[in-house]
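Every number in this text was worked out from the coordinates using simple rules, so none of it is lab data. Since the model is a prediction, treat every value here as computed from it, not as a measurement. No Cβ is skipped: glycine too gets one built from the backbone with ideal geometry, and neighbour counts run over all protein chains shown.
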Amino acid sequence: MTSRRGLLRRLAALSGAAGLSGCSRLLAQRAEAPTADLPANPLAAELPVEQHAWETELRTDAKGNTLLPRHYRILLLNLDREPSEESAATVERAMRTLEQAYEFSADGLLHMLGWGSGYFERLGALSGSPIRHPKVLSRTDDPDLLAFDAALVLASHVPSQLVATEQAMFGDRGTLGGAAVEDRLGDVFSLAERRTGFLGEGLPAKHADAEGVPADIPDDAPNFSGFGTGRKGTQATVERVTIDDGPFAGGTTMHLSHLRQSLNSWWEMADSEQIEQLFSPEFSPEDIDMDPSLPFADAVEEHAAEDGVVGHWEKAARARDEDGQPRLLRRDFDTVDGGQAGVHFLSLQRELEDFERVRDAMNGWWLRNESSEITDRKNNGILEFITVLSRANFYVPPRDRRAFPSA
Ligand code: HEM
């Protein structure tokens, strides 16, 4: 059953049961014709089926590390209109406008529309969906647990294209990248929150007036911690994070957390100490500079007992799957939202349990048993330097079912 058909059946049932309108029979009939009146997406053949398949569109550097987009904007949305065939057509046409305006690449515009736990709850379908409301995942944090209806994730090397896209989708901008704007996401959603950020050499230093980061952060730091993100061999593939069967197949789950960073004491540490805590005590600065794919020794307990310190990467890598492959496709970026240095940690995974498993490995509470120098936060990866402010969960459907997904 297609998602549109499922949605319309559900709406038919809902509107009948709640006596919202007399149109339940009409909706049920239309559910048998789920193509509605929209022609096929004219750009479908040129675009990945998965909205979340950005990596194929990204270049790599000489060492094989992915060159990630430099600017990000996530628009967190609440539904203003009842789900309906008309609203679904508006959403789909609005998303097609983005595809017509810019090439789907980091030089153009990368985007994905995810649907939150608030939306599935509104449909009465949360328990049958791939997601649930977020929960607290670490005993050192007390985050806001958020439920939105949707999230539009945007990324580009060109910051003005993110601003223009927001103006076209939620303001009254009439054209976007040469394309006429006739349908807007703002006709169906209102903007609840905006998350902005950046990644790449030069940009952290430009934001050094934020709290939580020293004013003299090096010009070449690619992010606030100084070591970049997305090193070869540490990311899940698009295939690994894509749901492979059932009514939500072709999509993925997205977890979004906002982390505050307190990095003044981080930048007082020597390179070698930063590497111990970010990667592993077994590596020297030369190892990190030279080898883009780090050998994973799985010796966290030994490092805890012998060195009294463990690295963030080596803890997280313990949660790789049975084949030794990472479970998460991380798309995190730095931010100064709220005037404070932080990270919007966006993670894609086949199941939310994958994220929880990694976060549990990253917590590493059990390592305190190996050394009195390790506590819940101290010498325990990067936990001393981050605080989780909020969490939210989303489902990102495949491109052809991105408007109002349902089972
Ligand atoms: C400020 C926050 C964080 C920073 C600065 C950070 C930094 C890093 C770095 C430098 C790496 C090494 C690989 C790479 O270059 O990408 C890494 C790996 C990783 N991180 Fe983080 N991280 C942060 C938060 C998190 C969170 C919240 C999670 C998930 C709960 C996470 C999960 C992972 C995973 C799964 C890996 C790869 C492990 C593997 O190779 O299998 N990180 N992180």
For the table Lys63/Lys315; Lys135/Lys315; Lys63/Lys378, the rows whose alpha-carbon distance is greater than 27 Å are Lys63/Lys378
Per DSSP loop assignment and a cutoff of at most 10 other beta carbons within 10 Å, the chain keeps its longest run without exposed trypsin sites (Lys or Arg not before Pro) at 140-407
Nearest 10, in degrees from 0 to 90: the angle of helix 159-170 to the longest Cα principal axis of the chain is 30
Each label sits 7 Å from Cα toward the beta-carbon; between Met269 and Asp360 the label points are separated, in nm, by 2.6
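May I ask you to sort Leu256, Leu162 by Cβ crowding, counting other Cβ atoms within 10 Å and putting the fewest first?
Placing the least packed residue first, the sequence is Leu162, Leu256.
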For the pair Glu182 and Val158, the simple spin-label estimate (label points 7 Å beyond Cα toward Cβ) gives in nm 2.4
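Would you mind getting me the FRET efficiency between Ala192 and Glu46? Use the beta-carbon distance for r and R0 = 30 Å, nearest 0.05.
0.40
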Here the FRET efficiency for Arg59 versus Arg318, based on Cβ atoms and R0 = 30 Å and rounded to 0.05, is 0.45
If the chain between Ser127 and Phe296 were fully extended at 0.36 nm per residue, the gain over the current Cα-Cα distance would be 57.2 nm
Taking Cα pairs closer than 8 Å and at least 6 residues apart, the relative contact order of the chain in percent is 23
Checked region 168-320 with the C-alpha gyration tensor, a ≥ b ≥ c its square-rooted eigenvalues, rounded below a/c of 1.5, otherwise prolate if a/b is larger than b/c and oblate if not; verdict oblate
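At a temperature of 37 °C and a viscosity of 0.692 mPa s, determine how fast the chain diffuses translationally according to Stokes-Einstein, using the Kirkwood radius over alpha-carbon pairs as Rh; express D in µm²/s, rounded to the nearest whole number.
My calculation gives 147 µm²/s for D.
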Site Gln325, offset 7 angstrom along Cα→Cβ, radius 18 Å on amide nitrogen, limited to region 223-245, gives 231-245
From the Cα centre of region 141-155 to that of region 386-407, the distance in Å is 9
Counted neighbours (other Cβ, 10 Å), sorted fewest up, put Thr196, Thr237 in the order Thr237, Thr196
Label model pair Asp287, Glu353: point-to-point distance (7 angstrom along the Cα→beta-carbon line) in nm is 3.3
So Glu239 and Arg173, fully extended at 0.36 nm per residue minus their Cα-Cα distance, gain in nm 20.1 nm
Stretched fully, the stretch from Ala205 through Asn369 gains (0.36 nm per residue minus C-alpha distance, one decimal, in nm) 55.2 nm
In degrees, nearest 10, the alpha-carbon axis of helix 352-363 is tilted away from the dominant principal axis of the alpha carbons of the chain by 20
Per GNM of the chain with C-alpha springs under 10 angstrom, the most fluctuating residue out of Leu348, Leu68, Leu176 is Leu176
Per DSSP loop assignment and a cutoff of at most 15 other beta carbons within 10 Å, the chain keeps its longest run without exposed GluC sites (Glu not before Pro) at 202-321
Between the Cα axis of helix 3-18 and the main Cα principal axis of the chain, the angle (0 to 90°, nearest 10) is 70
Least to most buried among Val136, Val300, by other C-beta atoms within 10 Å and fewest first, runs Val136, Val300
